[in-house]
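Notes follow once the structure below has been shown.
Just so it is clear, none of the values below were taken in a lab; they were calculated from the coordinates. Small disclaimer: the values here were computed from a predicted structure and weren't measured. Here the Cβ is made from the backbone with ideal geometry for all residues, glycine too, and neighbour counts use every protein chain on show.
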Amino acid sequence: MRAAAGGAHPGLSDVPITRLWAAAGVLFPVAAVLIRKREPAACMRAFLNNQFVGLVVFVGILLQYLVRRLKRYAPHHHFFFNPT
């Protein structure tokens, strides 16, 4: 594998976090479909499902922070990151 831009190793930080952002991107249109007809029950369901969007965004930010911190302070641990 080649090194990513900036000399960082591709690995844990790239794929799972991108998938979390993609999941959040999918959850927003789901809410839009639920509220399209402006029915109170569907709007309430969309409002309650919004907690999952917040959870996915929070976990994505947290993972991104932890992975970058791990890369910075423990770059010699090769079981997480695939060295080139």
Mean projected area in nm² (Cα convex hull; one quarter of hull surface) for the stretch 13-72: 3.7 nm²
Selected from Val57, Leu70, Thr18, residue furthest toward positive end of dipole (the stretch 13-72; charges at beta carbon): Leu70
